[in-house]
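Engineer: Below are the structure tokens for one structure; questions will follow.
Just so it is clear, none of the values below were taken in a lab; they were calculated from the coordinates. Owing to the predicted nature of the structure, the values given are computational and were not obtained by experimental measurement. We place every Cβ from the backbone using ideal geometry, glycine too, and count neighbours over all the protein chains shown.
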């Protein structure tokens with residue numbers, strides 16, 4: 001994004017705010033790779049609620065109410081495989097709450113597999 005673009009989700013950025021390099025980075029999701037270091041350090045997990053942006057205070061409040069803040073943040077989760085971009089915060093929190101109430105290794109494997117399927121589809125337009 002351009003230097004003066006605010007701290008906003010990609011889905012809310014206008015085309016004038018996204019550079020060609022930024023568009024490539026978002027379409028390929030390579031901007032997520034550094035988070036693997038957080039997984040190795042134990043600060044994140046592979047599956048769990050995505051870390052919110054600083055401006056998403058309401059999402060944090062909703063997650064506190066449904067218990068999903070107790071989970072480590074993850075690289076992917078139920079909200080991501082169910083069309084995360086543009087999803088209302090209440091719906092994101094609902095998916096996160098569903099995940100938090102039924103954490104299970106086999107379910108996590110399914111979420112990872114579905115994430116790869118999501119990544120192989122035609123990327124969203126930013």
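Engineer: Ranked highest first by the average count of other Cβ atoms within 10 Å around their residues, in what order do 50-57, 30-37, 89-96 fall? Walk me through the intermediate numbers first.
Structural biologist: Numbers: 50-57: 14.4, 30-37: 11.5, 89-96: 19.6.
Order by mean packing, descending: 89-96, 50-57, 30-37.
Engineer: Quote to one decimal, in nm, the extra length available between residue 30 and residue 102 on full extension: 0.36 nm per residue of separation minus the C-alpha distance between them. Show your work: numbers first, answer last.
Structural biologist: Working: separation 72, 0.36 × 72 = 25.92 nm, distance 2.91 nm.
Taking 0.36 nm per residue and subtracting the Cα distance, the gain is 23.0 nm.
Engineer: Could you work out how much longer the chain between residue 109 and residue 90 gets when fully extended? Use 0.36 nm per residue separation minus the Cα distance between them, nm to one decimal. Show your work: numbers first, answer last.
Structural biologist: Numbers: separation 19, 0.36 × 19 = 6.84 nm, distance 2.50 nm.
Value of the extension gain: 4.3 nm.
Engineer: Under 1.5 on a/c is rounded, so check that first for region 34-120, then, if it is not, pick prolate when a/b is larger than b/c and oblate when it is not; a ≥ b ≥ c are the square roots of the alpha carbon gyration tensor eigenvalues.
Structural biologist: It comes out rounded by the Cα gyration axes.
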